[in-house]
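S.K.: Before I ask anything, here is the structure I am working with.
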Amino acid sequence: MKEKIEFIWIVIGFLGQFLFFLRFFIQWLVSEKKKESTIPVAFWYFSISGGLLLLVYAIYRRDPVFIVGQSVGVLIYARNLYFISKKK
């Protein structure tokens, strides 16, 4: 049972990392299409999704360095989404 729980947490960690990777991939694709550096709104949604999953994973692992890093990031991503929604 313990091994199954560990496996689930590893999957959560990798899923968070994958979502976090997708933000850069999407940003790269959009920038290539526009032929200029661009940060699409999807970048922030993938950032916050991946950041939250990684934060949950870090809390499970009880890693204070990882927890602080992801916490600050999630706040920044949320703030950027707030600015974007406020502008609309």
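The values are calculated or read from the model by the stated rules, or taken from the named source; none is laboratory data. This structure is a prediction, so every number in the text was calculated from the model and none was measured. Reconstructed Cβ throughout: ideal geometry from the backbone, glycine too, with neighbour counts over all protein chains shown.
S.K.: With the structure loaded, tell me whether I5 is at pLDDT 95 or above and assigned to a helix (DSSP H, G or I) or whether it fails that test.
M.R.: Judged against the criteria, I5 is not a match.
Yes or no, residue by residue, for (1) modelled with pLDDT under 95; (2) small (G, A, S); (3) surrounded by 15 or more Cβ atoms within 10 Å (Cβ to Cβ); (4) closer than 27 Å to K2 by Cβ:
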{"residue": "L19", "(1), (2), (3), (4)": "no, no, yes, yes"}
{"residue": "I26", "(1), (2), (3), (4)": "no, no, yes, no"}
{"residue": "V30", "(1), (2), (3), (4)": "no, no, yes, no"}
{"residue": "F46", "(1), (2), (3), (4)": "no, no, yes, no"}
{"residue": "G50", "(1), (2), (3), (4)": "no, yes, yes, yes"}
{"residue": "V56", "(1), (2), (3), (4)": "no, no, yes, yes"}
{"residue": "R62", "(1), (2), (3), (4)": "no, no, no, yes"}
{"residue": "I67", "(1), (2), (3), (4)": "no, no, yes, yes"}
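S.K.: Next question, about the same structure. Given the condition free of Cβ contacts under 8 Å to residues at least 24 places away in the same chain and in contact with a helix residue (DSSP H, G or I) (Cβ under 6 Å, 6 or more places away or on another chain), answer yes or no: does some residue in the stretch 11-24 qualify?
M.R.: The answer is no; no qualifying residue exists.
S.K.: Oh, and also: Quick test for you: out of S49, S37, pick the one residue that is assigned to a helix (DSSP H, G or I) and out of contact with any strand residue (DSSP E or B) (no Cβ under 9 Å at 6 or more places or on another chain).
M.R.: None of the other options fit; the residue is S49.
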